Each structure stands twice: as C-alpha cells, then as structure tokens.
Amino acid sequence: MKYTPEHEWLRAEGDELVIGITAHASEQLGDVVFIELPEVGREVEVGEEIVVIESVKAASDIVSPVAGTITAVNEALADAPGDVNSDAMAAWFFRVKPADGTSLDGFMDEAAYQELIG
C-alpha cells in the first residue's frame with residue numbers, strides 16, 4: 001500500500017492499481033453522501049480530476065495519481081457512499097491500468113504518510 005499527498009491510497013493488483021482515499025481524508029470530509037465515479041475505459045492523466053465526492057461538509061475532487069486507463073469502478077459506492085466513512089481502506093473508487101506499468105515508486109509508504117498527516 002502506498003499513499004499520495006492528496007490522501008489517496010494505491011495498491012497494486014496484477015498489472016492494475018486499485019485507488020481509494022485514506023481514513024484521514026474520510027474523517028476530514030465527514031459523512032459522504034454522493035460519489036460520482038469515472039467511466040470504465042476512460043483515459044486519464046496524472047492530476048486529472050476523475051472522482052467527485054460530496055459530503056455534508058464539502059465537495060471534493062479526487063485526482064488520478066497515475067496516467068492510464070480506468071478498468072473498473074466500485075459501483076457499490078454509488079448506492080452506499082457512506083461505505084467510505086465506515087471503512088475507507090476497503091471502499092476503493094477505481095482501478096487503473098497505468099500507461100507505464102504498475103510501479104509504485106515515488107509514492108509514500110505508511111510511515112511517510114503518517115508523518116504527513118501528523
């Protein structure tokens with residue numbers, strides 16, 4: 001498991017990366033009430049806004065940490081967006097096949113992420 005400064009987690013599974021938000025991000029958002037997921041097959045670039053999350057506190061965008069193709073989305077979150085609050089590490093948003101392989105080099109490990117969030 002690796003992390004981004006934008007509070008996303010990444011996990012390699014085969015030649016894909018599974019991506020969600022961290023428990024810290026979920027706590028900061030408050031109760032999540034709506035999630036708009038990207039379309040499967042969509043080509044994304046690093047930093048491109050691809051998921052919209054609305055909570056009782058605010059609306060936020062999730063950006064893609066890698067360039068590649070969206071291969072799957074967690075449709076269950078459309079019906080139960082609050083799953084992000086109950087278990088953020090299990091409530092993945094999308095899977096992406098990176099354009100340049102599945103390397104997680106350059107992302108933070110758990111210790112570095114914990115240092116970031118204090």
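Laboratory data are not the source of any read-out in this text; all were calculated from the coordinates shown. A quick note: this is a predicted structure, and the numbers were derived from the prediction, not measured.
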* Using the Karplus equation 6.51 cos²θ - 1.76 cosθ + 1.60 (θ = phi - 60°), what ³J(HN,Hα) coupling, rounded to whole Hz, does each residue of the stretch 35-47 give in order, writing x for Gly and Pro? -> 9, 9, 9, x, 7, 4, x, 5, 8, 10, 10, 4, x
* Tell me, what HN-Hα J-couplings in whole Hz come from the Karplus equation 6.51 cos²θ - 1.76 cosθ + 1.60 at θ = phi - 60° for each residue of the stretch 59-76, using x for Gly and Pro? -> 10, 9, 10, 9, 9, 6, x, 9, 8, x, 10, 5, 9, 6, 10, 8, 4, 4
* Structure fact -> Relative contact order of the stretch 2-99 (C-alpha contacts under 8 Å, at least 6 apart) in percent is 32 percent
* Can you tell me the Rg and the Dmax, both Å, for the Cα atoms in the chain? -> 13.2, 37
* Can you list the residues, at least 5 places off or on another chain, whose amide H is less than 5 Å from the amide H of residue 20, using H built in the peptide plane? -> 9, 93
